[in-house]
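Enquirer: Attaching a single structure in structure tokens format; questions to follow.
The values are calculated or read from the model by the stated rules, or taken from the named source; none is laboratory data. Everything numeric in this text was worked out from a predicted model, so none of it was measured. Positions of Cβ are backbone-derived with ideal geometry, glycine not excepted, and every protein chain shown enters the neighbour counts. Quick note on the areas: whole protein, heavy atoms, side chains included, nothing else; ligands and nucleic acids left out. Shrake-Rupley method; radii C 1.70, N 1.55, O 1.52, S 1.80 Å.
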Amino acid sequence: GIGTIAISGIEFALWDAAGKILEQPVYQLLGGKTREEVRMYADCHAGEGMVESALNEQSDETYEATVYARAARAAVDDGYELIKFDLDVPSGRDVDTLARHFDGPEIEHKRGLVEAVTEEVGDEAEVAVDLHWNFSVEAYEKLCKALEPYDLAWIEDPLPPENADALATPNRSVEQPLLTGENRYGRHGFRDLVEEEAVSFVAPDVPKTGGIAETKKIAELADTYYLTMCPHNIGSPVATMAGVHVGATVPNFLALEVHARDVPWWGDLVAADEPLIRDGRIEVPDEPGLGIELDWDVVEEHRKK
């Protein structure tokens, strides 16, 4: 995927340049927008302050659930209506994770974290979880059964990404929607996922999968099977705005990930008077190109050297 990632970055620059030359926003060059703002979903992580506060109030056995609940509350209070947590986290027990098998106490540990989050946010936000390819089919099916009462938005990446048949098996047999795609490249890399109905949601990563035009084609492919797209995004404001322009133009778009709520300078990379994300959404810009300009002094300050 390294070559595809490089191509994606060049493609972003070309779309931005074309838009500025033609004095049109990228979404207009893609055929026009279907929405005025793009919904973001928050990938939630607990900061040091939350952990320390919870440890002061709870026993070692319960503080983790408290931290998860507080992180969820913080995201919802910031306006996010869809939040996600990593669920493939250590429980403190000695587990052979290479086998991808999880016994009853391990499943219960993960169920307890989901319970803490969903009880905290109630119907204020949808909740999703990420498993980072660490489960077997049998362990994933056991986890899904344990999580049925919590009505999750999706479970992300339960199995390694290469085998669509293995993904299709639990997708047809469990109640929880399945999302995957960040490690697939180009529309051809999504063909088997879509045609075999191995997922409920496709999640291409715009800067990895080929760029803006290729991600739009993936969305159109998914739409022929009435599947929804929720792009993966752990990138900069440039990567984020590329996802915004795609999300603005395709009807089967639900939400774009934001992974940088704990990075205090992430928003400062953009030269703007207002925050890029407000109330869990990004307004689709009408300025030419991607619609943002970088603050190069901030970029230089945080650039890896």
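Enquirer: How many residues are in contact with a strand residue (DSSP E or B) (Cβ under 9 Å, 6 or more places away or on another chain) and without any contact (Cβ under 8 Å) to a residue 40 or more places away in the chain when one looks only at segment 173-193?
Expert: 8
Enquirer: Going through segment 205-222 one residue at a time, which ones are out of contact with any strand residue (DSSP E or B) (no Cβ under 7 Å at 6 or more places or on another chain) and not small (Gly, Ala, Ser)?
Expert: 206, 207, 208, 209, 212, 214, 215, 216, 217, 220, 221
Enquirer: Considering only segment 62-103, how many residues are farther than 17 Å from residue 140 by Cβ, assigned to a loop (DSSP other than H, G, I, E, B) and among the charged types (D, E, K, R)?
Expert: 4
Per-residue answers, yes or no, for (1) at pLDDT 95 or above; (2) out of contact with any strand residue (DSSP E or B) (no Cβ under 8 Å at 6 or more places or on another chain); (3) open to solvent by less than 10 Å² (accessible area, probe 1.4 Å); (4) not hydroxyl-bearing (Ser, Thr, Tyr):
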residue	(1), (2), (3), (4)
126	yes, no, no, yes
143	yes, no, yes, yes
150	yes, no, no, no
161	no, no, no, yes
168	no, yes, yes, yes
171	no, no, no, yes
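Enquirer: Take segment 248-290 and flag every residue that is on the phi > 0 side of the Ramachandran plot and acidic (Asp, Glu).
Expert: If we filter segment 248-290 for residues that are on the phi > 0 side of the Ramachandran plot, which is where we start, we get 279-280, 289.
Result: 279, single match.
Residues are listed down the side, and each one gets a yes or a no for (1) surrounded by fewer than 16 Cβ atoms within 10 Å (Cβ to Cβ); (2) touching a helix residue (DSSP H, G or I) at 6+ places or on another chain (Cβ under 7 Å); (3) touching a residue at least 24 places away in the same chain (Cβ under 8 Å):
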site	(1), (2), (3)
223	no, no, yes
233	no, yes, yes
246	no, yes, yes
265	yes, yes, yes
281	no, no, yes
288	no, yes, yes
304	yes, no, no
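Enquirer: If you scan segment 185-208, which residues turn out to be open to solvent by 10 Å² or more (accessible area, probe 1.4 Å), of a type in the set (D, E, K, R) and under 17 Å from residue 239 (Cβ atoms)?
Expert: 208
Enquirer: Please note which helices (runs of 4 or more DSSP H) are completely contained in segment 209-305 and include at least 2 residues that are farther than 29 Å from residue 74 by Cα, out of contact with any Cys (no Cβ under 7 Å at 6 or more places or on another chain) and aliphatic (A, V, I, L, M). I'd like the intermediate steps shown before the answer.
Expert: Numbers: elements: 212-223, 237-249, 296-302.
Output list reads 212-223.
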